[in-house]
Structures are given as structure tokens and as C-alpha cells.
Amino acid sequence: MNAPEVAPPENPAAPRATFRESLAVYLQPRVLIVMLLGFSSGLPLALSGSTLLVWMRESGVDLGTIGLFALVGTPYTLKFLWAPLTDALHVPLFTKTFGRRRGWLVFSQLLLIVSILLLALTDPARSPLFVALGALLVAAMSSTQDIVVDAFRVESLPESEQAAGMAGYVAAYRIGMLVSTAGALFLVSAYESTGIARSSAWTWGYVTMAAMVLIGTVTALSATEPEQSVRAEALVSAESALARVLHAAGGAFSEFLLRRNALAALAFVVLFKFTDAFSGTMTAPFVIDLGFSRNDYAAIVKGVGLAATLIGGFAGGFVARRYSLAASLWIGGVLQAVANLSFSWLALAGVNEWALAFAITTENFTSAIGTVIFVAYLSALCRNPLHTATQYALLTALAAVGRTYLSSGAGYVAKATGWPLFFAICVLVAIPSLILLAWLQRRGHFAELEAPPVITHSQLSSPASSG
């Protein structure tokens, strides 16, 4: 608590990574493992979402019932509630055989495979309720896998590889989603073309998707347990299961809140992506309102936009590798804010597919840069391996506040100002986060994050001692 008010130099002697080193980091075994786990995390999302809705509609389920299936995604929002269990509890046989993180990884993936197979055996036309239960089970197992993958990534990668790992994770996550949406639909069509009945084709399509989860399982088996997790497990080995859960849940809150500048850091977590969320809420209505067809929008967003997102993710990893965390956040924060002006220009240019492609590319590219760097920051905040999973789940839930709640008034602002001015305002809403960034940098917040954490047994009963 006696740290100076002004930040010390941010490791000025550390050499800046060369271009070759910045690219080579993506070939590190740890980064490649995180990338493959990203594929496993992205794969099941659509199986309980958009792909399932296509199956239901083809089976004749009415639109009202289909609309209610949006509630199936609830586990992804509430996953922080059971994250302490993955931090604290042992899975019989799995934890002893594979370790604390890898045991939960393999266990959750096997449960995910079983859940997808159960969903594959349901019939939307006859029993929508059983489909809903199966989809809810898939979402619950998928979100549990996400919790453990996030903790594994944070603990297994050094800070210099966090952004690169996240860039690879995001890219593979998107590919996994693509496989379970367009890939699954093409696969069902292929099965059906062989003469199999449509219902059976959907069943075999989901069976194939379940088999693809094994990519993540093989990856988990090939990985090594993070050293931070091993040390944390040694500290709590004598504790009862209930005590470990309570320490994981309570410690995730108290350990963070008792740090210096904790409230400012939490406000920064809420606001950093607010500029993206505020404009993103209105991007689709804006494009349609301007006069583009939904096919134009879908083609450009799914095609050019996806490519820009993937490239931007790797660019974000390159930036974070080359520069300090604070400098990277400045680059990502300014770029994602200024990119909104491309939509102001599009509003003035009118219906022009090249202008739309430029605006979507600019927005997706810069947003991906900001996202990768921001997630590297969230990872740096989770410094205590006793409750990495819980703390990261809480931070991502907090980061969703801006996207879910603060951006809810964007439509009223757009209606009052018109499109060109609205997107200019989207640039201005980034200013509070940049002010917080400057304040945190001045107070030494990022220098503290760069110092390696030291976890002792005393932190089990006194989380404040970590600060």
C-alpha cells in the first residue's frame, strides 16, 4: 500500500521485440495449444444457437417457440456463478491423472461431446422441450469449457505471449464457429444428398460436430499443466472442498478490490470497448436504413468483415508483442474509436458497396486489434492462480455491461442526431476510457501488472496481502 503515486519506468531496459520475433511467437507450442483450444471453444456455440434454429425451422417448429430458444444462451452470461467450482474442486480421477486445469478441460469436453450427442438424438418436430433441454445442456458444458480454457490460457502463457495467444484463440474460435454454422449446414446437405432422410441427416451432422470436439480433447491431453496452477494446487491441497470453493469465490472479489486503483481499473474494464458497443448496436440498422439490401450486408460482413477480424486479431497480437501493455491499449483504444468515422463517411457517400466494404473492414480490423489487447489486459489483471477462472469470468461479465446496458440508448441518440453525427459521437464516447487509461498509467497501474506475482499461503485467508 506504500507504492509511489507516480509510475516507475515501464522496464525501459527491456528490448523491444523484432518483427521476426513478433511473428515467431505464434509458433510457440503454448500459443499453438491455446489456438486449438480456441477452435474447441468456438465450435459448440452455434450448435445450441443459429444452426439449431435452422434445424428447428426445417422441422416445422413455429417461430414463437424458436424465438424462446434465445434463452438457451443464458449459461454463457451466468457462467461466473459456477466458475469457483472449476478453481476449487477436484474432478475424481481426472484431476489426479491430468492436473487441476487439464483435468477439468478433459472432463468438460467429454461432457460436451455427450451433450451434443444427446441433442443429436432429439426430434424438434415431436419434442421441442427435449430439444431445449439438450441445447441448454450443450450451452452449459460449452460455457464450462470456456471458463477452464480462459484460466488455462492466462496461467500457461507468459505476459509477452498473452496477446499472441489471444489473437490465435480468437481466429480459431471464429473458424470453429464457421465450421458449426456453414460447415454443419453443408455437411447436413451432403448427408441428405446420399439418400438419408432429412431428420437423420441432421442427427449425423450433429454426431460429426460432437466428434470434432475431440480436437480440443487431444490438445488438452498433449498440453502440460500450467506451473502457476501446480503451485496453487500445492497451497490448497490440505483445504477441504468447501473451504476451497469459498476461498475461490470470496478471494476473486476481495483480492481484486483491495488493490490500489481497483475501482478505476474496473471502470476502465467497463468503458474500454464502449465505443465499439455503442456503434455496433446500430451498424446493421444503419446499413439497411441507408438503402443496402440484407444480402449485401450479410455478404460483406460475413466475407470481408470476417477476414478483417481475423487479420486484425493477429495485428493486435503483433502490437502487444512490440509495445508495452499501456502503449498497446492507447493504440487499440484510439484506433477503434477513430474507425467510427468511416461510417460517418459512408452515411455521406450513400449506397456504395465499395464504401460499405471499406467501413466494415476498417471497423472490424480495428475492433479486433482493440479486443485482443483488451483481453491481454484482462489476463494481466488475473494475477492469482488460486482463482484465475473465477476472476476472469467476473471481469468478462463486467466488460459486457457496456455492450449490454450502456449501449441500449444508442438508437435514441441516432434518431435525434442523424447517422453522420451519431458515428462522430461514437468517437467521443471513447474519451472517458482514454482519460482513465492516462490516469491509471500515471498512477503506476501497468507497471504493477508487469511485476511477477508472488502467491503465498497467507493469501488463502488474507487476500489483501497480494496487493
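The values are calculated or read from the model by the stated rules, or taken from the named source; none is laboratory data. Please read these numbers as outputs of a predicted model, since none were measured by experiment. Cβ: placed from backbone, ideal geometry, glycine included. Neighbour counts: every protein chain shown. Remember, those area values only see protein heavy atoms, side chains included, never the ligands or the DNA or RNA. Shrake-Rupley method; radii C 1.70, N 1.55, O 1.52, S 1.80 Å.
Right, A308: modelled with pLDDT of 85 or more and either within 17 Å of the chain's Cα centre (by Cα) or under 23 Å from V179 (Cα atoms) (or both) or not? Can you show your working first?
Working: modelled with pLDDT of 85 or more: yes; either within 17 Å of the chain's Cα centre (by Cα) or under 23 Å from V179 (Cα atoms) (or both): yes.
Yes; evaluated as a whole, the condition is true for this residue.
Within segment 200-233, take every residue that is open to solvent by 70 Å² or more (accessible area, probe 1.4 Å) and among the polar types (S, T, N, Q) and give me the one that is nearest to L111 (Cα to Cα). The qualifying residue nearest to L111 (Cα to Cα) is S222.
Residues are listed down the side, and each one gets a yes or a no for (1) β-branched (V, I, T); (2) modelled with pLDDT under 90; (3) in contact with a Phe, Trp or Tyr (Cβ under 9 Å, 6 or more places away or on another chain):
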site	(1), (2), (3)
G280	no, yes, no
R322	no, yes, yes
F343	no, no, yes
N384	no, yes, yes
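Suppose we filter S143, S193, S180 for residues that are surrounded by fewer than 22 Cβ atoms within 10 Å (Cβ to Cβ) and either hydroxyl-bearing (S, T, Y) or touching a Leu at 6+ places or on another chain (Cβ under 9 Å) (or both); which single one remains? It is S193.
Return the only residue of S408, S433 being within 23 Å of the chain's Cα centre (by Cα), of a type in the set (G, A, S) and crowded, with 19+ Cβ neighbours inside 10 Å. Spell out the reasoning first.
Details: S408 fails: crowded, with 19+ Cβ neighbours inside 10 Å.
Matching residue, one of S408, S433: S433.
Taking the options A400, A380, A410, name whichever one is out of contact with any helix residue (DSSP H, G or I) (no Cβ under 7 Å at 6 or more places or on another chain), outside any loop (DSSP other than H, G, I, E, B) and at pLDDT below 90. Break it down into steps so the answer makes sense when it comes.
On the way: A380 fails: out of contact with any helix residue (DSSP H, G or I) (no Cβ under 7 Å at 6 or more places or on another chain); A410 fails: out of contact with any helix residue (DSSP H, G or I) (no Cβ under 7 Å at 6 or more places or on another chain).
On inspection, the qualifying residue turns out to be A400.
Given (1) surrounded by 24 or more Cβ atoms within 10 Å (Cβ to Cβ); (2) more than 30 Å from V54 (Cα to Cα), where does L89 come up short, assuming only one miss? Single failed check for L89: (1). Evaluation of L386 against the conditions (1) aliphatic (A, V, I, L, M); (2) open to solvent by 10 Å² or more (accessible area, probe 1.4 Å); (3) assigned to a helix (DSSP H, G or I) shows that the sole unmet condition is (3).
So which residues in segment 413-430 are among the aromatic types (F, W, Y) and either open to solvent by less than 30 Å² (accessible area, probe 1.4 Å) or outside any helix (DSSP H, G or I) (or both), if there are any at all? Within segment 413-430, F422, F423 qualify.
Is it the case, given these coordinates, that A359 is closer than 25 Å to F318 by Cβ, assigned to a helix (DSSP H, G or I), without any contact (Cβ under 8 Å) to a residue 60 or more places away in the chain and open to solvent by less than 20 Å² (accessible area, probe 1.4 Å)?
On the way: closer than 25 Å to F318 by Cβ: yes; assigned to a helix (DSSP H, G or I): yes; without any contact (Cβ under 8 Å) to a residue 60 or more places away in the chain: yes; open to solvent by less than 20 Å² (accessible area, probe 1.4 Å): yes.
Yes.
On the stretch given as segment 337-348, residues that are of a type outside the set (F, W, Y) and surrounded by fewer than 22 Cβ atoms within 10 Å (Cβ to Cβ) total 6.
Checking the conditions here, which among V351, V334 is open to solvent by 10 Å² or more (accessible area, probe 1.4 Å), outside any helix (DSSP H, G or I) and over 30 Å from L246 (Cβ atoms)? Quick ask: steps written out before the conclusion?
Values: V334 fails: outside any helix (DSSP H, G or I).
Answer to the selection: V351.
Residues of segment 196-230 that are more than 20 Å from V149 (Cβ to Cβ) and not hydroxyl-bearing (S, T, Y): I196, A197, R198, A201, W202, W204, G205, V207.
Kindly indicate the residue of segment 124-133 that is without any contact (Cβ under 8 Å) to a residue 24 or more places away in the chain and either in contact with a helix residue (DSSP H, G or I) (Cβ under 6 Å, 6 or more places away or on another chain) or outside any helix (DSSP H, G or I) (or both) and also least open to solvent (accessible area, probe 1.4 Å) among those meeting that condition. It would help to see each step written out before you state the result.
Kept after step one, since they are without any contact (Cβ under 8 Å) to a residue 24 or more places away in the chain, are these residues of segment 124-133: 126-127, 129-130, 133.
So of that shortlist, the ones also either in contact with a helix residue (DSSP H, G or I) (Cβ under 6 Å, 6 or more places away or on another chain) or outside any helix (DSSP H, G or I) (or both) come out as 126-127.
On the way: R126: 206, S127: 28 Å².
That would be S127.
Give the residue that is surrounded by the fewest Cβ atoms within 10 Å (Cβ to Cβ), with candidates limited to residues of segment 253-291 that are among the charged types (D, E, K, R) and not in a helix (DSSP H, G or I). It would help to see each step written out before you state the result.
Applying the first criterion (among the charged types (D, E, K, R)) to segment 253-291 yields 255, 259-260, 273, 276, 289.
The next check asks that each one be not in a helix (DSSP H, G or I); those that pass are 259-260, 273.
Details: R259: 19, R260: 15, K273: 24.
Result: R260.
When P44 is tested against (1) open to solvent by 10 Å² or more (accessible area, probe 1.4 Å); (2) at pLDDT 80 or above; (3) in contact with a Leu (Cβ under 8 Å, 6 or more places away or on another chain); (4) under 16 Å from G134 (Cβ atoms), just one condition goes unmet, and that condition is (1).
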